[in-house]
Amino acid sequence: MYLPKLFKSEDYLLLKEIIIENSFSSLITFNGRIRSTKAMFLLCENNSNKFHLETHLSRANPISKSIEKDDEVLCDFLGDHTYISSSWYDHINVSTWNYEAVQVYGGVTFMSDDELYQHLSTLTQKYEASQKCPLTVEKMGQAYIEKEMKGALGIKIMPTEVAIKQKLSQNRDDNDYNNIIQNLEQSDGIMNQIIAHKMKALRKP
C-alpha cells in the first residue's frame, strides 16, 4: 500500500476498528501465482497492541490447496471511504478519494480441530447475537459441526508487517478542509457523513 507519511497512522484502536467493522475482506497469497479470495476474519488480541488474525476457507478453494505453513499472506481491509470532488476546493485541482485502510502481512499456521471449532463458535456468536433467534454452534450440535469442519481449513495469520492508512484530506489547508466537510455533510450517503465526522475529529478548531 502506498503510504505517504502524512497519511500514515500508528493508532492501534483505529486498526482494530477497521478490521472489526470490515472483517469480510481480502486474503491474498502468492505461491507461483497471485490469488485472492474474500474471507471472514477475526481479530484475536494476545496483549496490548499484539494480535493475530484468524479465518477459514473451504478446502475446495484453490488457495486452500496451494497454501503452506509459514507462507506469507496479505490481509487487505478497506474501512470507511468516499469520493471527494475537486469542485469543493477554492482552486483548480483533481478529485480524489478519502479512505481508511489496514494491510497486514503475516505468516500462516494452521488450526487444530479444537482451534477451528472454537474459531467457528466465536465467529457464529459474533454475527448471530443480533438475530431474533440466534443459531449458535452449540445449538447446531458438536457432531454436525465436526462433520462440516472436514470441508474447512482454519488459518491463523501471525503479523510480520502492519500498515494503517488514514487519508482524510490532511494535505489541504483549513479553507479547503472545511469546505470538504461542509459538502460531505450536505451530501447523501452514510459514508459521506462518517468521513465528515472523522475529519472534524481529526482537525478540531
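Are there any strands (runs of 3 or more DSSP E) wholly within segment 1-85 with 1 or more residues that are among the aromatic types (Phe, Trp, Tyr), under 22 Å from Glu100 (Cα atoms) and in contact (Cβ under 8 Å) with a residue 12 or more places away in the chain, and if so which? Let's see the steps before the verdict.
Details: elements: 24-30, 34-40, 42-47, 50-58, 72-84.
In segment 1-85, the matching strands (runs of 3 or more DSSP E) lie at 24-30, 50-58, 72-84.
Output the qualifying pairs, or none if there are none: Cβ atoms under 8 angstrom, residues six or more apart or on different chains, first residue in segment 178-205 and farther than 9 Å from Thr82 by Cβ, second residue of a type in the set (Ser, Thr, Tyr) and assigned to a helix (DSSP H, G or I).
Met199/Tyr177; Arg203/Tyr177
Within segment 181-191, identify whether any single residue is within 21 Å of the chain's Cα centre (by Cα), assigned to a helix (DSSP H, G or I) and within 30 Å of Ala129 (Cβ to Cβ), and answer yes or no.
Yes, because at least one residue in segment 181-191 is within 21 Å of the chain's Cα centre (by Cα), assigned to a helix (DSSP H, G or I) and within 30 Å of Ala129 (Cβ to Cβ).
Sort out which residues of segment 86-97 are loosely packed, with under 15 Cβ neighbours inside 10 Å and in a loop (DSSP other than H, G, I, E, B), and write them in order of number.
Asp90, His91, Ile92, Asn93, Val94, Ser95
Criterion first (more than 25 Å from the chain's Cα centre (by Cα), modelled with pLDDT of 90 or more and not acidic (Asp, Glu)) does Gln125 satisfy it? Let's see the steps before the verdict.
Values: more than 25 Å from the chain's Cα centre (by Cα): no; modelled with pLDDT of 90 or more: yes; not acidic (Asp, Glu): yes.
No, not satisfied.
Say whether the condition of being out of contact with any Ser or Thr (no Cβ under 8 Å at 6 or more places or on another chain), within 18 Å of Ile63 (Cβ to Cβ), in a helix (DSSP H, G or I) and touching a residue at least 12 places away in the same chain (Cβ under 8 Å) is met by at least one residue in segment 124-131. Before you say what the answer is, go through the steps one by one.
Taking segment 124-131 and keeping what is out of contact with any Ser or Thr (no Cβ under 8 Å at 6 or more places or on another chain), we get 126-127, 129-131.
From what's left, within 18 Å of Ile63 (Cβ to Cβ): none.
Looking through segment 124-131, none of the residues is out of contact with any Ser or Thr (no Cβ under 8 Å at 6 or more places or on another chain), within 18 Å of Ile63 (Cβ to Cβ), in a helix (DSSP H, G or I) and touching a residue at least 12 places away in the same chain (Cβ under 8 Å).
The values are calculated or read from the model by the stated rules, or taken from the named source; none is laboratory data. Note that the coordinates shown come from a computational prediction; the quantities given were computed from them, not determined experimentally. Because the Cβ atoms are built from the backbone with ideal geometry, glycine has one as well, and the counts that use them run over all protein chains shown.
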